[in-house]
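The values are calculated or read from the model by the stated rules, or taken from the named source; none is laboratory data. Keep in mind that this is a model prediction, so the values were computed, not measured. Here the Cβ is made from the backbone with ideal geometry for all residues, glycine too, and neighbour counts use every protein chain on show. For the accessible areas, the whole protein counts, side chains as well, though only heavy atoms, and no ligand, DNA or RNA atoms are used. Shrake-Rupley method; radii C 1.70, N 1.55, O 1.52, S 1.80 Å.
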2 protein chains.
Amino acid sequence: MDAQPKDLPTNPSTPTRTARARPRGRGYASGDARRTRILNIALQEFAENGYRGTSLARIAERAELTQAGLLHHFRSKQELLVAVLDLRDRMDTEHLDLGVLPLGGAAALDKLAELAEHNRNIPGLVQLFTVLTGEAVTTDHPAHGWAQDRYAMLRSGITASLEAGRASGELRADIDPPAVAAQVFAMMDGLQLQWLLDPEHVDMATLFRDYVEHLLRRIRA
Amino acid sequence: MDAQPKDLPTNPSTPTRTARARPRGRGYASGDARRTRILNIALQEFAENGYRGTSLARIAERAELTQAGLLHHFRSKQELLVAVLDLRDRMDTEHLDLGVLPLGGAAALDKLAELAEHNRNIPGLVQLFTVLTGEAVTTDHPAHGWAQDRYAMLRSGITASLEAGRASGELRADIDPPAVAAQVFAMMDGLQLQWLLDPEHVDMATLFRDYVEHLLRRIRA
DNA sequence: CACAAAACCTATTGCACGGTAGCTTTGTGA
DNA sequence: TCACAAAGCTACCGTGCAATAGGTTTTGTG
């Protein structure tokens with residue numbers, strides 16, 4: 001039924017310990033494997049039922065250990081959520097080096113269109129962000145701060161790219177980078193939402209690509 | 001803290017009974033008042049905590065009756081949610097006659113920009129839709145069908161307007177009404193989300209108006 | 001005024017939840 | 001090989017939840 005974000009790289013080459021209080025470089029191979037396993041299952045469950053709709057017991061069951069055993073690795077439900085979000089953030093910013101190297105505006109927007117196309121193949125992940133971000137609008141939600149920071153980062157990344165493009169003369173001088181940045185992500189998220197609800201009738205990747213092309217036509221020098 | 005959608009019109013002129021099994025036109029005035037009271041409180045709670053995060057007990061407490069008393073008016077939590085959504089749908093389609101009278105494309109889009117400006121004053125309601133729609137992406141959510149239908153309706157409304165505008169020669173002949181419709185609501189929702197998370201930095205009304213203006217410049221004949 | 005229905009209550013059921021305490025097992029480095 | 005920490009277990013606690021059962025009070029109408 002759902003897109004299985006299967007086989008996260010277990011990163012067997014890097015013996016980097018999960019940052020713990022313990023300074024020693026000991027480490028259990030099976031422990032790390034379990035942790036990644038749990039994280040992936042938790043991700044799917046959070047995506048499917050939201051934070052509040054997900055139970056630790058169910059995650060534990062699917063990971064083939066007891067709920068108490070799960071809480072040995074993640075001391076609370078909230079800690080587990082944060083771990084999932086961190087994991088995704090790290091993987092995404094790796095995969096999409098957006099923000100790291102400030103591409104020219106046009107290239108950055110094109111990259112986003114590519115991302116939308118890629119996202120067609122991983123509805124489960126798209127749903128994770130859509131569901132959690134919606135929930136996190138609530139001020140007391142454990143992921144509220146995360147959602148705020150995430151959008152701030154995304155916007156500032158594209159804003160920087162647009163400003164670079166403007167400086168290099170690639171883009172018009174009279175554009176408003178922060179405004180465009182907010183609009184671009186708004187379009188992306190909104191289309192994702194409609195796509196998740198009705199994949200047959202809403203082709204988000206194409207619609208987003210279409211938006212970006214018209215946008216570029218407008219802001220290009 | 002939150003926008004209070006105060007004093008729904010009790011509709012005292014219309015003696016129309018809430019459709020019940022009972023055909024008799026008896027009715028308790030206090031009963032209807034209670035019901036609207038409950039609906040408004042439930043709306044706020046659902047907006048604040050989502051469906052899964054809201055408890056009947058809390059709603060009941062705020063409405064000054066017991067949880068069992070609440071369930072006398074709405075036989076289940078799900079029934080209460082549906083009632084809230086129905087209420088909002090009715091009120092919105094009244095206030096914004098969008099879809100009823102197919103305005104020319106430009107006028108319809110302008111009306112939407114006005115709606116975005118109006119929404120600035122009712123963050124609580126905006127949050128209701130944002131939170132619930134996010135939750136409802138999940139297939140087994142009680143509001144899943146509602147969300148699907150809602151977007152289908154919204155899109156088809158604007159699509160019709162755009163087609164009318166195209167037919168009358170107001171808009172270009174080569175536009176793609178369903179695509180534009182999806183994009184317009186995507187932009188609106190996406191901006192609402194960012195605005196709810198960070199009202200200081202994202203001015204959704206202005207950003208949406210800006211989008212609509214550029215869009216019109218592009219699709220106008 | 002009687003009576004029937006609506007409004008509302010108390011009490012309770014049964015379940016699911018997150019989290020803690022404290023034990024046993026397992027793997028590994030010295 | 002042995003000590004020790006990680007891994008994982010059973011058992012349990014307290015709470016909160018939606019919903020039901022069955023009663024009492026309120027209210028409008030004939």
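For segment A:160-203, a residue qualifies if it is aliphatic (A, V, I, L, M), outside any helix (DSSP H, G or I) and open to solvent by 40 Å² or more (accessible area, probe 1.4 Å), and exactly one does: A:Ala173.
Only residues that are more than 7 Å from every other protein chain (Cβ to nearest Cβ) and closer than 24 Å to B:Ala147 by Cβ were counted across segment B:200-221, and they come to 4. Does segment B:66-79 contain at least one residue that is away from DNA strand D (no atom under 16 Å from the Cβ), of a type outside the set (A, V, I, L, M, F, W, C) and either more than 29 Å from B:Glu163 (Cβ to Cβ) or under 18 Å from the mean Cα position of the chain (by Cα) (or both)? No, there is no match, as no residue in segment B:66-79 is away from DNA strand D (no atom under 16 Å from the Cβ), of a type outside the set (A, V, I, L, M, F, W, C) and either more than 29 Å from B:Glu163 (Cβ to Cβ) or under 18 Å from the mean Cα position of the chain (by Cα) (or both). Flag not set for B:Thr133, criterion: at pLDDT below 95 and either open to solvent by 20 Å² or more (accessible area, probe 1.4 Å) or within 11 Å of another protein chain (Cβ to nearest Cβ) (or both). Evaluate segment A:82-91: report whether one residue or more is within 15 Å of the chain's Cα centre (by Cα), within 13 Å of DNA strand C (Cβ to nearest atom) and assigned to a helix (DSSP H, G or I). Yes, there is a match, as at least one residue in segment A:82-91 is within 15 Å of the chain's Cα centre (by Cα), within 13 Å of DNA strand C (Cβ to nearest atom) and assigned to a helix (DSSP H, G or I). Each residue in segment A:57-76 was checked for being within 9 Å of DNA strand C (Cβ to nearest atom) and surrounded by fewer than 18 Cβ atoms within 10 Å (Cβ to Cβ), and 10 pass.
Across segment B:120-142, what is the number of residues that are assigned to a helix (DSSP H, G or I) and under 23 Å from A:Phe129 (Cβ atoms)?
11
Pairing residues of segment A:108-128 that are basic (Lys, Arg) with residues that are open to solvent by 20 Å² or more (accessible area, probe 1.4 Å), at Cβ distances under 7 Å and at least 6 apart in sequence or on separate chains, gives A:Lys111/A:Leu96; A:Lys111/A:Leu98; A:Lys111/A:Leu103. Looking at A:Gly104, A:Gly50, can you tell me which residue is open to solvent by less than 70 Å² (accessible area, probe 1.4 Å) and within 21 Å of the chain's Cα centre (by Cα)? Within the list A:Gly104, A:Gly50, the selection yields A:Gly50.
Restricting A:Gly145, A:Gly157 to those that are part of a helix (DSSP H, G or I), within 11 Å of chain B (Cβ to nearest Cβ) and of a type in the set (Gly, Ala, Ser) reduces the list to A:Gly145. Checking each residue of segment A:147-163 against the condition of being over 15 Å from A:Val82 (Cα atoms) and of a type in the set (Phe, Trp, Tyr) gives at least one match.
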